[in-house]
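Colleague: Shown below is the structure under consideration.
The values are calculated or read from the model by the stated rules, or taken from the named source; none is laboratory data. None of these values were measured; they are calculated from a predicted model. Don't worry about glycine lacking a Cβ; one is built from the backbone with ideal geometry, like all the others, and counts go over all protein chains shown.
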Amino acid sequence: MSMNTVIHAAVRRDLGRLERALDDLAPGDTARAAELARAWAHFREQLDHHHRSEHEVVWPALTSWGVDPALLAQMDAEHDLMAAALADADAAVGTLRGDASPRSRDHAREAVRRLHRVTADHLEHEERELEPLLLGGFEGSPEAAEMDRRLRAGGLGRAAVLMSWLADGAGPRESQALRELVPAPFRVLLIGVMGRGYRREVASVWR
């Protein structure tokens with residue numbers, strides 16, 4: 001399993017968590033709505049960063065390696081659909097922070113469900129088309145090495161938040177992939193030590 005698919009699993013997991021939390025949100029519970037809005041802001045930033053990284057770093061690397069640009073253009077078109085659904089959900093969840101009425105809750109829940117549907121379709125398409133390439137000849141190529149170098153350029157702070165998010169609630173396959181992809185000392189540093197802020201501000205929302 002590639003890191004890309006591990007990230008996809010976290011995206012799916014958070015969307016499911018948010019849907020269930022909105023189902024359970026009691027009318028007028030503004031404190032819980034504020035917690036959900038905080039977790040949502042983290043999710044939105046992770047999804048947006050992931051897609052910007054694909055467009056700016058991953059797609060150029062795959063193109064240099066010989067992947068058909070038309071396929072990557074399809075992926076970008078799907079990203080555009082997701083961006084529109086993400087903006088709608090962002091507005092709906094933002095309203096919910098100050099208005100936890102049944103109407104606002106239902107609107108936010110439906111917007112998140114639409115985003116989930118659009119996102120699921122895209123992730124399945126991307127995994128079907130690109131996962132064999134990422135785990136095939138591309139892996140180990142100079143293009144892949146340069147891609148990895150650029151993706152790591154965000155620094156330890158960003159890596160700690162990302163790794164903590166990926167590990168939070170990960171299933172057996174994703175957990176095994178993280179163990180294979182990230183050396184144990186780095187996992188301890190990034191998740192165990194530097195991931196405290198994520199656990200306090202975001203993971204606690206889902207507990």
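Colleague: Within the stretch 97-156, track down each residue that is polar (S, T, N, Q), over 17 Å from VAL67 (Cβ atoms) and more than 16 Å from the chain's Cα centre (by Cα).
Modeller: Those that are polar (S, T, N, Q), over 17 Å from VAL67 (Cβ atoms) and more than 16 Å from the chain's Cα centre (by Cα): SER101, SER104.
Colleague: Additional query: Going through the stretch 10-43 one residue at a time, which ones are in contact with an Asp or Glu (Cβ under 7 Å, 6 or more places away or on another chain) and surrounded by fewer than 19 Cβ atoms within 10 Å (Cβ to Cβ)?
Modeller: ARG38
Colleague: Here's a follow-up. For the stretch 27-46, name all the residues that are outside any helix (DSSP H, G or I) and either at pLDDT below 95 or among the β-branched types (Val, Ile, Thr) (or both).
Modeller: PRO27, GLY28
Colleague: Okay, next question. Which of the following residues is of a type in the set (D, E, K, R), touching a residue at least 24 places away in the same chain (Cβ under 8 Å) and either farther than 29 Å from GLU180 by Cα or out of contact with any helix residue (DSSP H, G or I) (no Cβ under 9 Å at 6 or more places or on another chain) (or both): ARG44, ARG17, ARG38, ARG12?
Modeller: So the residue among ARG44, ARG17, ARG38, ARG12 that is of a type in the set (D, E, K, R), touching a residue at least 24 places away in the same chain (Cβ under 8 Å) and either farther than 29 Å from GLU180 by Cα or out of contact with any helix residue (DSSP H, G or I) (no Cβ under 9 Å at 6 or more places or on another chain) (or both) is ARG38.
Colleague: Picking from ALA61, ALA100, ALA70, ALA111, which residue would you name as being modelled with pLDDT under 95 and either more than 23 Å from GLY169 (Cα to Cα) or touching a Lys or Arg at 6+ places or on another chain (Cβ under 9 Å) (or both)?
Modeller: Matching residue, one of ALA61, ALA100, ALA70, ALA111: ALA100.
Colleague: Of these, ARG113, ARG152, ARG128, ARG117, which one is surrounded by 14 or more Cβ atoms within 10 Å (Cβ to Cβ), out of contact with any Phe, Trp or Tyr (no Cβ under 8 Å at 6 or more places or on another chain) and part of a helix (DSSP H, G or I)?
Modeller: Within the list ARG113, ARG152, ARG128, ARG117, the selection yields ARG113.
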